[in-house]
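Everything on this sheet refers to the single structure shown next.
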Amino acid sequence: MEAENQTKASEFLLLGLSEDPELQPLFFGLFLSMYLVTVLGNLFIILAVSSDPHLHTPMYFFLSNLSFVDICFITTTVPKMLVNIQTQSKDISYIGCLTQVYFFMIFAGLDNFLLSLMAYDRFVAICHPLHYTVIMNPRLCGLLVLMSWVIIFWVSLLLILLLMQLNFCIGTEIPHFFCELTQIIKVACSDTLINNIFLYVLTALLGVFPLTGILFSYSQIVFSLMRMSSAGGKYKAFSTCGSHLSVVSLFYGTGLGVFLSSAVTYSSQRISIASVMYTVVTPMLNPFIYSLRNKDVKGALGRLLYRAASCP
């Protein structure tokens, strides 16, 4: 009977950020506001890039893809959290939980890949400016994004197939506000050795390799800038990297913060709060970083808003 109970868990319980009922209205208002700001901010970036011919370049093509992924990324977790708070429920179905893990891994992985592709784009633009239009042609850019989707699609699918082999006890509680991969593996009632091994491989694929590519690209950029004689040329070249560096620092910095917090503390609540930084705060800040630090994007957004306001 115990084995039967373990294999027939049809739902999990998401404990959320806090069980204090007085904090639930505050969390609902806060996360609803952050979600709406994230969706609208990234949507404005997508519309600005698609509507302005001056932004039809590889750098902004990758940026619009990043904005789309960020919208999907936050939509994977926050709406379900808001529904649970509003209905005063903690339930999430077994299929719903696996679906959340699947799409969360897809969009988290795409964030990594797109940031790496954007670093490669800046590397080619600064280190090989004469060949930039030839190397970073639309066909290559589209192919790189497509390859990123294909790779992360199959990796995430394999991950879900491995998770489906695990057994879970009825009434399993997940100490998080969404179905986070490591927490799912921890609460399983069966052996998780293969899943943990695959998790390390997945971390290397989705984290270490893209980050290594980013660091290599910027090391070459720095070496190229050091060979420039003009201070103005150095500043102009590196200024195009400022927004991307800020987003990379925010994304990987918050991710590292979650990793360190989980390593030094056993408090699930603190880990959940730290996870808010890279799952909610980072997608929300990305459009502000690019719009505030980039004159082209600010100009495109201004023209977009002007056309919208002038429409009868």
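The values are calculated or read from the model by the stated rules, or taken from the named source; none is laboratory data. Source: prediction; values computed, not measured. All Cβ positions, even for glycine, are placed from backbone atoms using ideal geometry, and neighbour counts span all protein chains on display. We work out accessible area using only protein heavy atoms, side chains counted, and drop any ligands, DNA or RNA first. Shrake-Rupley method; radii C 1.70, N 1.55, O 1.52, S 1.80 Å.
Which aspartates and glutamates, on any chain, are close to LYS234 with Cα under 18 Å apart, when same-chain ones fewer than 8 places away are left out?
Within the straight-line cut-off, LYS234 pairs with ASP121.
Taking a spot 7 Å from the Cα of CYS169 along the direction of its beta carbon, which residues of segment 184-228 have an amide N less than 12 Å from it?
Those under the cut-off are 187-190.
Under the Karplus relation 6.51 cos²θ - 1.76 cosθ + 1.60, θ = phi - 60°, what is the ordered set of whole-Hz ³J(HN,Hα) values for segment 146-155, x standing for Gly and Pro?
4, 4, 4, 4, 5, 4, 6, 4, 6, 5
Mind ranking LYS80, LYS186 by accessible surface for me, highest first, 1.4 Å probe?
LYS186, LYS80
Tabulate in residue order the Karplus-calculated ³J(HN,Hα) for segment 242-257, using 6.51 cos²θ - 1.76 cosθ + 1.60 with θ = phi - 60°, rounded to whole Hz; enter x for Gly and Pro.
Residue by residue, segment 242-257 yields x, 5, 5, 4, 5, 5, 4, 4, 5, 5, 6, x, 5, x, 5, x Hz.
Mind jotting down the three principal axis lengths of the chain based on Cα atoms? Whole angstrom, largest first.
Computed over the chain, the largest-to-smallest principal extents equal 74, 50, 35 Å.
Want the number for GLU19 to SER230: 0.36 nm per residue separation, take away the alpha-carbon distance, what's left?
Value of the extension gain: 70.1 nm.
Using amide H atoms built in the peptide plane, which far-off residues or other-chain residues are under 5 Å from CYS169 H to H?
Here CYS189 satisfy the definition.
Can you return the aspartates and glutamates within cross-link range of LYS90? Criterion is Cα-Cα under 20 Å, with same-chain partners fewer than 8 residues away left out.
Here the aspartates and glutamates satisfying the reach criterion relative to LYS90 are GLU11, GLU19, ASP20, GLU22, GLU173, GLU180.
Amide H to amide H, which residues 5 or more places from ILE174 or on other chains are under 5 Å from it, using H placed in the peptide plane?
Residues meeting the criterion, in which the H sits 1.01 Å from N, are LEU13, LEU14, LEU15.
Would you mind calculating the relative contact order of segment 15-291 from Cα pairs under 8 angstrom and at least 6 residues apart, reporting the percent as a whole number?
Once normalised by length, the contact order is 28 percent.
What are the principal axis extents of the Cα atoms in segment 50-89, in Å, biggest first?
48, 15, 6
Per 5 Å bin, what is the whole-percent P(r) computed from every C-alpha pair distance within segment 1-95?
2, 11, 17, 14, 12, 11, 10, 9, 7, 4, 2, 1, 0, 0
Can you list the HN-Hα couplings for segment 92-109, worked out from phi with the Karplus curve (6.51, -1.76, 1.60; θ = phi - 60°), rounded to whole Hz and with x for Gly and Pro?
9, 5, 4, 5, x, 5, 5, 5, 5, 4, 4, 6, 4, 5, 4, 6, 5, x
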